[in-house]
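Below is one structure, written out as structure tokens; comments come after it.
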Amino acid sequence: EGVHLALEALKAGVTIEAAVVSPRLSASGEGWDLARRLLATGVEVHDCSEATLEALQDARSPQPIVLIVRRERPALSAVMAGRGGTPLLVLACGVQEPGNVGALLRTADAAAATGFVTTPGCANLTHPRTVRASMGAIFRLPAVEAALDEVLEEVQSLEFRVIGADARGGVDYDTADWGGPVALFLGGEGAGLPPEVREHLDQ
């Protein structure tokens, strides 16, 4: 939903199956340029009324464009391998608010994380509010939902350093040892980290 996310999707080179737009899109230079770029890349662009477009959206402030984007579900091993460099995997356990999952995605992307994993009980990676809050990171950062036991098994077999964020103690994040492959676990809004993650923490 929206011009900014549509531009981020184009920039990331994801597969855009169709665009639904209102006449409002061409009212701004940025919107007009976006419509032109979508047509130039062969995307089907469908004009519709404001009422129809509003019915398609989750956003409180109706946007002049909605894209249908194909998102292939990557294998956990591909997300673990990430996008090159020393692995920094961010894992969200039980984060229930879609906006919070999106914020974690964009923060992980900005911090040069190589992959992002949610476990069952987290908000969906493709929920409209997750996508909006990610500000385009969902298109760039390899991300998948996977079972917690499978994730723990993978990080141990690959000898990741396992770090957990915990309000109850430990070391400050800026004094933690971030050397080598790292898996950073973040718990849910209320419960924090699950016990089965705590027992595997190196720090």
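None of the figures in this text is laboratory data; all of them are computed from the coordinates on show. Every value quoted in this text rests on a predicted model; they were computed, and no experiment measured them. Glycine also receives a Cβ, built like all others from the backbone with ideal geometry; neighbour counts cover every protein chain displayed.
The angle separating the long axis of helix 98-110 from the principal Cα axis of greatest extent in the chain is about 80 degrees.
Each DSSP beta bridge with both residues in the chain is either parallel or antiparallel, and the antiparallel ones are about 25%. Computed from phi, the 3J(HN,Hα) profile of region 85-92 under the Karplus parametrisation 6.51, -1.76, 1.60 (θ = phi - 60°) reads x, 5, x, 10, 9, 9, 10, 9 Hz, with x in place of Gly and Pro.
Could you list the GluC sites (Glu not before Pro) in region 133-181 that lie in coil according to DSSP, counting only those with at most 13 other Cβ atoms within 10 Å of their Cβ? Provide the component values of the computation, followed by the final result.
Details: sites: E145, E150, E153, E154, E159; in loops: E159.
Listed in order of number, the matching sites are E159.
Among the GluC sites (Glu not before Pro) in region 31-77, those located in a DSSP loop and surrounded by at most 15 other Cβ atoms within 10 Å of their own Cβ are E72. By DSSP, the beta bridges lying fully in region 95-203 are antiparallel in about 10 percent of cases.
Against the longest principal axis of the chain, how steep is helix 29-40, in degrees 0 to 90 to the nearest 10, with axes from Cα atoms? Tilt relative to the chain: about 90 degrees. The distance between label points at A176 and Q57 comes to 3.7 nm (points 7 Å beyond Cα on the Cα→Cβ vector).
Label separation (E50 vs S26): 1.7 nm, computed from points 7 Å beyond Cα along the C-beta direction.
I need the trypsin sites (Lys or Arg not before Pro) found in region 135-183, filtered to DSSP loop residues with at most 16 other beta carbons within 10 Å of theirs. List each step's numbers first, then the result.
Values: sites: R140, R161, R168; in loops: R168.
Filter output for region 135-183: R168.
With a Förster radius of 41 Å applied to the C-beta separation of N124 and T41, the computed FRET efficiency comes to 0.90. What angle do you read, to the nearest 10 degrees and between 0 and 90, between the alpha-carbon axis of helix 148-157 and the longest principal axis of the chain? The helix 148-157 is inclined about 60 degrees to the chain.
Answer rounded, prolate or oblate for the chain, using the Cα gyration tensor with square roots of eigenvalues a ≥ b ≥ c: rounded when a/c is under 1.5, else prolate when a/b is larger than b/c, else oblate. It is prolate, given that a/c is not under 1.5 and a/b is the larger ratio.
In this simple spin-label approximation, L7 and E189 carry label points 7 Å from Cα along the Cα→Cβ vector, and these lie 3.0 nm apart.
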